[in-house]
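Beneath this line is the structure, given in structure tokens, with notes to follow.
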Amino acid sequence: MNPIKKNFPVTTPVVSSERRSDLRLFEKQAGIRFRRLDLLNLAFTHRSYANEYSQKIDNNERLEFLGDSVLGMVTADYLINLLPDKLEGYLAKVKSFVVSEDSLDFLAKTIGVDKYLLIGKGEENSGGRTKKAILADCMEAIIGAYYLDTGYREVSKFVLGLLVPEINKVLEDRHKKDYKT
């Protein structure tokens with residue numbers, strides 16, 4: 001067992017039977033299955049929600065930190081094997097498009113992340129469910145949680161299932177570019 005898995009102490013919001021049903025529905029939409037629904041629930045827990053919760057609970061920021069690295073590793077591993085003749089600069093450019101906030105926001109909306117977010121009232125009222133940064137961060141948190149729950153092999157399948165079409169768009173020059181590109 002990976003030591004980080006047992007040394008990841010968290011206090012998550014209670015997973016009610018209604019929330020459990022919602023999380024299982026999300027899993028079905030995303031094509032994944034968690035053993036620990038509390039980790040998935042934590043991945044959806046924005047700081048604004050944790051701050052307003054009646055008891056002390058954690059938020060998804062540590063999972064986001066981990067998920068960002070897992071996402072980068074899975075993407076880099078895939079690209080280096082897919083494009084063995086390409087230089088590091090080219091691979092980095094492709095990776096930067098694929099793991100960008102815009103790309104993660106799109107993927108989050110594709111699998112319905114916005115419907116399951118736990119956000120505070122103020123964030124809800126200011127359109128937090130549709131904010132790119134919140135959705136992209138939540139995607140990274142889900143990836144981090146899934147890594148902790150299932151390990152590298154399963155999280156890699158999940159990530160690549162979402163990213164390979166985006167990678168192909170970049171390789172075929174059909175992706176959204178920013179004005180600096």
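Across segment 29-59, what is the total count of residues that are of a type in the set (A, V, I, L, M) and open to solvent by 20 Å² or more (accessible area, probe 1.4 Å)? Steps first, answer last, please.
Step one: filter segment 29-59 for residues of a type in the set (A, V, I, L, M), giving 30, 32, 37, 39-40, 42-43, 50, 57.
Of the ones still in play, those that are also open to solvent by 20 Å² or more (accessible area, probe 1.4 Å) are none.
Here the count works out to 0.
Which one is farthest from ILE167 (Cα to Cα) among residues in segment 60-87 that are open to solvent by less than 60 Å² (accessible area, probe 1.4 Å) and of a type in the set (A, V, I, L, M, F, W, C)?
The extreme case among them is LEU63.
Does PHE65 count as in contact with a Gly (Cβ under 8 Å, 6 or more places away or on another chain) and either modelled with pLDDT under 95 or more than 21 Å from PHE26 (Cα to Cα) (or both)?
yes
Can GLY120 be described as touching a residue at least 24 places away in the same chain (Cβ under 8 Å) and loosely packed, with under 15 Cβ neighbours inside 10 Å?
no
Take ARG174 and tell me if it is modelled with pLDDT of 95 or more and open to solvent by 60 Å² or more (accessible area, probe 1.4 Å). Steps first, answer last, please.
Values: modelled with pLDDT of 95 or more: no; open to solvent by 60 Å² or more (accessible area, probe 1.4 Å): yes.
In short, no.
What are the pairs with Cβ atoms under 8 angstrom where one residue, in segment 136-150, is free of Cβ contacts under 8 Å to residues at least 24 places away in the same chain and the other, located anywhere, is open to solvent by 10 Å² or more (accessible area, probe 1.4 Å) and in a helix (DSSP H, G or I)? Sequence gap at least six, or different chains.
none
Evaluate the following for THR130: is it of a type in the set (S, T, N, Q) and under 25 Å from ASP149 (Cβ atoms)? Steps first, answer last, please.
On the way: of a type in the set (S, T, N, Q): yes; under 25 Å from ASP149 (Cβ atoms): no.
No, not satisfied.
Out of LEU107, LEU87, LEU162, report the one residue that is more than 26 Å from LEU23 (Cβ to Cβ) and without any contact (Cβ under 8 Å) to a residue 60 or more places away in the chain.
Checking each option against the conditions leaves just LEU87.
The values are calculated or read from the model by the stated rules, or taken from the named source; none is laboratory data. Since this is a predicted model, take the numbers as computed values, not measurements. Positions of Cβ are backbone-derived with ideal geometry, glycine not excepted, and every protein chain shown enters the neighbour counts. For the accessible areas, the whole protein counts, side chains as well, though only heavy atoms, and no ligand, DNA or RNA atoms are used. Shrake-Rupley method; radii C 1.70, N 1.55, O 1.52, S 1.80 Å.
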